[in-house]
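Undergrad: Okay, here's the structure, questions in a sec.
The values are calculated or read from the model by the stated rules, or taken from the named source; none is laboratory data. Keep in mind that what you see is a predicted model, and the values were worked out from it rather than measured. Cβ coordinates were reconstructed from backbone atoms using ideal geometry, including for glycine residues, and neighbour counts include every protein chain displayed.
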């Protein structure tokens, strides 16, 4: 039985850790693509950057990291690696199903808050996939309070 994926939530990409890289990323994603940053993005000391809203249903997470972040749990187990995040109906059931199928994964806890358990795995081609419980992230605009943009 496959895991029940409900939504595509975000795509995480790296932009580099400098203030210049952060400004260039903002200028491109906001100034060129017209995407607004989520002003309510939580502060993640190890992963600076922006969460850019893509309509009301997804985000692009711009992660200001170079090399391995301090949140890494070992080689290849870094939540700041480029990845696609999917919301699942039940994160505990998803972990049980991954165990049943023998799919290796690792768990990131409290990266963006205590309610958000994240499961990370690699697809057969080395692309990282994140799974998290639906309703526990800010990716879906209609499920979070509105906030004014910090930069325009």
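Undergrad: Out of the range 14-43, which residues are within 18 Å of residue 140 (Cα to Cα) and touching a residue at least 60 places away in the same chain (Cβ under 8 Å)?
TA: Result: 36, 37, 38, 39, 40, 41, 42.
Undergrad: Tell me which residues, restricted to the range 55-71, are in contact (Cβ under 8 Å) with a residue 40 or more places away in the chain and either assigned to a strand (DSSP E or B) or crowded, with 18+ Cβ neighbours inside 10 Å (or both).
TA: Selection gives 58, 59, 60, 61, 62, 63, 64, 65.
Undergrad: Specify the residue that is surrounded by the most Cβ atoms within 10 Å (Cβ to Cβ); the eligible residues are those in the range 72-91 that are over 10 Å from the mean Cα position of the chain (by Cα) and either touching a residue at least 60 places away in the same chain (Cβ under 8 Å) or not in a loop (DSSP other than H, G, I, E, B) (or both).
TA: Only one residue fits best here, namely 87.
Undergrad: In the range 22-47, which residues are closer than 21 Å to residue 132 by Cβ and touching a strand residue (DSSP E or B) at 6+ places or on another chain (Cβ under 8 Å)?
TA: Across the range 22-47, the qualifying residues are 37, 38, 41, 47.
Undergrad: Quick one: residue 7 ticks every box in (1) in contact (Cβ under 8 Å) with a residue 60 or more places away in the chain; (2) outside any strand (DSSP E or B); (3) in contact with a strand residue (DSSP E or B) (Cβ under 7 Å, 6 or more places away or on another chain) bar one, so which box is it?
TA: Going through the list (1) in contact (Cβ under 8 Å) with a residue 60 or more places away in the chain; (2) outside any strand (DSSP E or B); (3) in contact with a strand residue (DSSP E or B) (Cβ under 7 Å, 6 or more places away or on another chain), residue 7 breaks only (2).
Undergrad: Among (1) under 16 Å from residue 132 (Cβ atoms); (2) out of contact with any helix residue (DSSP H, G or I) (no Cβ under 8 Å at 6 or more places or on another chain); (3) at pLDDT below 95, which single condition is residue 61 missing?
TA: Every listed condition holds for residue 61 apart from (3).
Undergrad: Of all residues in the range 34-54, how many are part of a strand (DSSP E or B), farther than 15 Å from residue 18 by Cα and under 13 Å from the mean Cα position of the chain (by Cα)?
TA: Kept after step one, since they are part of a strand (DSSP E or B), are these residues of the range 34-54: 37, 48-54.
Remaining after also requiring farther than 15 Å from residue 18 by Cα: 37, 51-54.
Adding the requirement that they be under 13 Å from the mean Cα position of the chain (by Cα) leaves 51-53.
Of the residues in that region, 3 qualify.
Undergrad: Residue 97 fails exactly one of the following numbered conditions: (1) under 18 Å from the mean Cα position of the chain (by Cα); (2) over 20 Å from residue 17 (Cβ atoms). What is the number of that condition?
TA: Checking residue 97 against (1) under 18 Å from the mean Cα position of the chain (by Cα); (2) over 20 Å from residue 17 (Cβ atoms), the one that fails is (1).
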